[in-house]
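**Q** Here you go, one structure.
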Amino acid sequence: MASEEQLSAIKRAKVLMVGAGGIGCELLKTLALSGFQDIHIIDMDTIEVSNLNRQFLFRQCHVGQSKAKVARDAVLRFRPNISITPYHANVKESRFNVDFFKEFDVVLNGLDNLDARRHVNRLCLAADVPLVESGTTGFLGQVTVHLKGKTECYECQPKPAPKTYPVCTITSTPSKFVHCIVWAKDLLFAKLFGDKNQENDLNVRSSDTGNSSEHSEDVFECRKDEDIEQYGRRIYDHVFGHNIEVALSNEETWKNRNKPRPIYSKDVLHVKMTKENGDTEKDCATGDVSAMASLSLKNPQDIWSLAENSRVFLEALRLFFSKRGKEIGNLTFDKDDQLAVEFVTAAANIRASSFGIPLHSLFEAKGIAGNIVHAVATTNAIIAGLIVIEAIKVLKKDNNNYRMTYCLEHPSRKLLLMPVEPYEPNKSCYVCSETPLSLEVNTRHSKLRDFVEKIVKGKLGMNFPVIMKGASILYEVGEDLEDDMVAIYAANLEKALSELPSPVTSGTVLTVEDLQQEFSCSINIKHREEFDEEKEPDGMVLSGWVEAPVDKDNNKPNGNGESTSNALPTEEILEGEKDVEIQETSGGTETVAGKKRKLSEVDESRNQKKPEKLDLDDEDDELVISDDWESLTKKKRV
Amino acid sequence: MEGQELTEQETALYDRQIRLWGADAQRRLRKSHILVYGMTGTVAEFCKNIVLAGVHSVTLVDERVVTEESLSANFLILPDENLYHGKTLAELCCDSLKEFNPMVHVAAEKGDILTFGVEFFEKFDAVILSCCSLRKKKWINQKCRKLSKPVAFYTVECRGSCGEIFVDLQDYKYSKLKRLDETIECRIEYPSFEEAISVPWRALPRRVSKLYFAMRVIEQFEYVEGRDPGQTIIDDLPGILKLRKELCETNSLNESQIADALLERLVRDTTEYPPICAIIGGILGQEVIKAISGKGDPLKNFFLFDAMDGKGLIEDISGPSGGSGAGFD
Ligand SMILES: [Zn+2]
C-alpha cells in the first residue's frame, strides 16, 4: 500500500485538522502512525470527564486543559520527530482566513456542529483546498471528500433544520416527554432563574382564558411575607395545579385528548419538608450544590416517584435561591449544571405525570435536555482510518477513486462499510455555484436588522457580513470601521428595507458577502405583503436555499441554541419506529424535490434503502436523511 | 459484581456509551475478561477500544521483543530503547494500556500459549488471536470450544491494504429489542475455524469476496512452508500462484476468481497499514463489545476489508450444515 511515491507525498504534506475531539484524537494518532509529518490542529474546547471514554489521548489529570495541546503532547510521545502545531482557538477567528487555509494540502474535519462545518467548507472553497469531512453518532458514521468543481461541496445537499415544536404543544398539550423537558427547560427554568426581560410563553396560553395577564406576571416573584419553602410550594401549585385547571376550562382543547390532572403539592407531599439551614449558608460555586445529594437520591438511572420528583423540585428551587442567589436572573440551562438538570428533570416529570406521560430518570432527562449524542471510540477509530485513506488519495490526486463511505450499524447487502462514489457539485448550490437566491419580504415593515439576523446570519451562516446594493454599502461588520460608519450602520439596522438611504424594494438585487469566508452571494428581493405567522414565523421566505424539512414530532428537543446542529435519533430513523417525515432527493442534479414520504414506507423496503447523509458527529450531532437508494445511485457521479 | 450498580465515577466516565448501549451492557462489560495474543498494530487499536469501553481485565500474551516492524503501526510502544530492556511486546504494551483507563486491569502473561491449560482459558470471556499460525488458530479455537462455559473466539489479520476478522461465538443466544417493549430471543450457531475454512469453495455463494479465498491461499502457503505469519516476500509469488492452482482445482473454483494482482499485493506488502489497523481494530472492538454485552447482532463469521475498493464485507462461511444463520427460539 505504502509505495515510495505515496510515502513521499505523505511526508511532504501539510495538513490541517479541525477538531481534536472524538474523531480528532483517533485521526491525529492515525495520521502520525501513517507517516504525516506536518499537522496543524485547531480546537477551542477543553477536556471534560465524559470525553475520556473515547478521546484516548486524554487522561483524568488533563480535565480542563486544551484538547489541541494535550492531543499534540500525547501523540509526540509515540512519534516524537514529527511537527504538530496546536491552536486552542475557534476556527472562526479571523486569523484563520483564506490565506491561512491556502497553506495546506488538505483539510480534515472532525467537528461537532453544522455552523463550523459550513464555515470551513466556505474557506476551503475560497482557498481551493480539498476538504475531507466526517461525522459519527453511536455506531454510525460517514466520510466525504469535497473538491471544488469536482465533487459536491458540504452545502450542496440540504442540511437538517433544528427541531422546533409548536408553542401550544409545549404550553398546553404535551404528548411526549420531550415536550415536558422543553417546557421545564425553556419556559419554567428560564422564567424562574433566567433573564426576566426575555419573552416567555409560560403563562400565555393558560392565562388568556381567565386571569388578567398582569396578575399572572406577579406570581413568579417571591413575596415579602413568604419564605423559600412557601414560595416553592406556591410556584409548584401555580404551574402544576392552577395552570392545568385553567387549561382544563377550555373544553374545546380536550375533546379528542386525554385531560391532564392538576397536581397540588399538599396532595403529593403531606408533611412539610424539613428545612435545612439554608438561609445561613453562603453562595457557593456551581456544581457543588445538589438536590439529589441533600435528599440522598443516589442513582441517576432511577426513575423517581411523583413524590420524589416533587421533593427534588422544591429542594432544587430552594438551593438555587439560598446558595446560588447571585446567579438568579442570569442563568441559562446548561447540561453540566447538576442542580439545573435536577430541577428540569423534576419539573418535566411532574408535568409528565399530570399529562399521563411516562416518567424518566435524571440520566435520560439530561440526555434529552442537553441534546447529548451517544458516542463511542470504535466508530471514531473506523472513521479516522477512512479519513486517512481518502486524505492520501487527495494527496496522490487519485481523482477517480474518491469515495464517500458510510459506516453502518446493520449490514446492508453484506456491507458494514459502504463506499459510494461522490456526487458532482449541485449546480444550484448557492455556496459553490453562483446561483442567486431570492427573498420574499415585506420591504416596508421588515427592518434591516431582521434581514441580518434571520437571513444573513441565521440561514447563510455568515459571521462578518457586508451587505451591498450596487456600489453602496448598507451594512458591514468589522473591527477596523470608522466611528461614523459604525453609527450609520447601527441606524440602518433599525430602518425598514424600503426606507434605507439606498432603498431596498421589489426587484432590488442585494450582494451579501462574508469577508472572512471570502464568500458572496446575490439575493433578488421580492416584496410581499402578508406572511403566515405559524408557517412563516420569520416574516420572510428565502428560496434557492436548501434546507431539510423539520420533523415535527421527534423525541429530541431543540438544542441550546448554540448551534444549528440537530439530533435525530438515528436508530429510530433506521428502524422506522417513529413517524418521521423524510425527504427524498430527486434523481437529477437539480435542487431537492420536496417529495416526502412516511418512514414506514421506507422501512418496508429497507433492503433497497440506504442512509444518504449521516451528518453528525460526536458531541452534538446532526443527522440522517434516509434516501431512496435507487435514485441515489442514478445521481450523476463525478 | 454483576448486580452491582454503576458507581458515580463510572456513570460520569462512560456517560456517552451508556446512552448508546445501556447500563446493563455496561455492567456486563465491567465483569468481562479478555485474552489477547499477538501485539500487532491492529491488536493495539483493539485493546485501546476495549480498555476505554471499560472491561474488567485485559490479559496480553506476546513473548516477542521489539523490532522496527513491531513499532510501525503500534502506538502502545514508545520509541525509546531505554524502555525495552528485557521486556516483551506484551509487557511494553501493558504499561501503555494501563494509562488509558485506571478502572481496567491490564496484565501481561508470560509463557507459550500452546502450553496453557483449560484452567487458564476458562478465565476469559473472549479470546483474540493475531499474528498466529494456522495450527495455533485451530488449536486455541478447539481449546476454547471444549471449555465448560462459552468463550467468544476471534482471529484478526491485517496485511497491507487488507484486513480480515474471523468470529466463532459457538452457540450464541441473545435477545433483541424489537419495537418498543417486545424482545425476541435469537440464536446463531457458528462453525469452528477449522470447519469454516474446510467448507468447499464450490459450496459457497458465487459472490463471496475474493479476498476470502486469497487469504486462505496465503495462510495455507505460510503453513506448508513453515513460515511465521506475515513472513512472505515477493519471491514467494510463483509458489503462491502454484498453490492457488492446486487449491482451486480441489475446490472446483476457476483460478481467475483469485486475481494475481490481489495475491501479489498480499505477498508484497505484509506490513500493517495504520488506517487499516484503525478500521479493523474498530470493527473487532465493536464485535467483542456486542458479544459480551449481548446487545446487537454479532457478525457471522468473516469480516473482510480492502482499502482498494473501500468495501467492508461480512461473509457467512458456514457450509450447508451450519448455514442456518439467525434462528428464533
Ligand atoms: Zn455546493
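**Q** With Kirkwood's inverse mean 1/r over C-alpha pairs for Rh, give me the Rg to Rh ratio of chain B, two decimals please.
**A** 0.96
**Q** Same structure, new question: Based on C-alpha coordinates, I'd like the Rg and Dmax of the stretch B:33-99, in Å.
**A** Rg then Dmax for the stretch B:33-99, in Å: 11.1, 32.
**Q** Let me ask you something else. Tell me which of A:Val477, A:Asn463, A:Ala496 sits at the most positive position along the dipole axis of the stretch A:437-542, charges placed on C-beta atoms (Lys, Arg +1; Asp, Glu -1).
**A** In the stretch A:437-542, that residue is A:Ala496.
**Q** Would you calculate the convex hull of the Cα atoms in the stretch A:89-156 and tell me its volume per residue in Å³?
**A** 88 Å³
**Q** Please work out how much accessible surface B:Lys311 shows to a 1.4 Å probe, ignoring ligands, DNA and RNA, in Å² rounded to 10.
**A** Approximately 90 Å² of B:Lys311 is accessible to the 1.4 Å probe.
**Q** While we're here: Based on the Kirkwood radius over alpha-carbon pairs, what is the Stokes-Einstein translational diffusion coefficient of the stretch B:100-211 at 4 °C with 1.567 mPa s viscosity, in µm²/s?
**A** Here the translational diffusion coefficient equals 77 µm²/s.
**Q** Report, for the stretch A:437-542, the % of DSSP beta bridges that are antiparallel, rounded to 5.
**A** 80 percent
**Q** Right, something else. Return the percentage of antiparallel bridges among DSSP beta bridges fully within chain B, rounded to the nearest 5 %.
**A** 60 percent
**Q** Please list A:Arg413, B:Arg30, A:Arg257 in order of solvent-accessible area, largest first, computed with a 1.4 Å probe with all protein chains present.
**A** Putting A:Arg413, B:Arg30, A:Arg257 in descending order of accessible area: A:Arg413, A:Arg257, B:Arg30.
**Q** Within 10 Å of each candidate Cβ there may be at most 14 other Cβ atoms; applying that plus a DSSP loop requirement, which GluC sites (Glu not before Pro) in the stretch A:45-105 survive?
**A** Taking the stretch A:45-105 and a limit of 14 other Cβ atoms within 10 Å, the loop GluC sites (Glu not before Pro) found are A:Glu93, A:Glu103.
**Q** I want the local charge near A:Val106. Using Cβ-Cβ distances under 15 Å, sum +1 for each Lys or Arg and -1 for each Asp or Glu among the other residues.
**A** Here the charged neighbours net out to +2.
**Q** Right, another one. Remind me, what semi-axes does the stretch B:183-329 give for its equivalent ellipsoid, largest first in whole Å, using sqrt of 5 times each Cα gyration tensor eigenvalue?
**A** 29, 20, 13
**Q** Same structure again: In Å, what Rg and Dmax follow from the Cα atoms of the stretch A:41-174?
**A** According to the Cα coordinates of the stretch A:41-174, Rg and Dmax are 18.1, 63 Å.
**Q** Hey, how much of the P(r) for the stretch A:10-76 falls beyond 15 Å, as a percent of Cα pairs?
**A** 45 percent
**Q** Give the residue from B:Ala126, B:Gly41, B:Val61 lying farthest towards the positive end of the charge dipole for the stretch B:1-157; charges sit on Cβ (+1 for Lys and Arg, -1 for Asp and Glu) and the dipole is referred to the Cα centre.
**A** B:Ala126
**Q** What number comes out for the charge environment of B:Ser198, summing +1 per Lys or Arg and -1 per Asp or Glu over other residues with Cβ under 14 Å away?
**A** 0
**Q** Same structure again: Taking N as the number of residues in the stretch B:1-41, what is its alpha-carbon radius of gyration divided by 2.2 N^0.38 Å?
**A** 1.40
**Q** Continuing with the same structure: Inverting the mean 1/r over all pairs of different Cα atoms, compute the Kirkwood radius of the stretch A:313-442 and quote it in Å.
**A** Hydrodynamic radius (Kirkwood, Cα pairs) of the stretch A:313-442 is 20.4 Å.
**Q** For A:Cys168 and A:Glu499, what does the FRET efficiency come to when R0 = 35 Å and r is the distance between their Cβ atoms, rounded to the nearest 0.05?
**A** Efficiency at R0 = 35 Å is approximately 0.50.
**Q** Another one. Looking at the calculated P(r) for the stretch B:143-191, what percent of the C-alpha pair distances fall above 14 Å?
**A** 64 percent
**Q** Can you tell me the mean projection area, over all orientations, of the convex hull of the stretch B:1-153's alpha carbons? Units nm², please.
**A** Dividing the Cα hull surface by four gives the mean projection, 9.8 nm².
**Q** Using bins 5 angstrom wide from zero, how does P(r) for the stretch B:197-268 break down, in % of all Cα pairs?
**A** 3, 17, 33, 25, 15, 7, 1
**Q** Still on this structure: How big is the convex hull of the Cα atoms of the stretch A:437-542, per residue, in Å³?
**A** Roughly 90 Å³ of hull volume per residue.
**Q** Still on this structure: Alpha carbons only, please: Rg and Dmax for the stretch B:1-75, in angstrom.
**A** Expressed in Å, the Cα Rg and Dmax of the stretch B:1-75 come to 15.1, 46.
The values are calculated or read from the model by the stated rules, or taken from the named source; none is laboratory data. Keep in mind that this is a model prediction, so the values were computed, not measured. No Cβ is skipped: glycine too gets one built from the backbone with ideal geometry, and neighbour counts run over all protein chains shown. Only protein heavy atoms, including side chains, enter the accessible area calculation; ligands, DNA and RNA are left aside. Shrake-Rupley method; radii C 1.70, N 1.55, O 1.52, S 1.80 Å.
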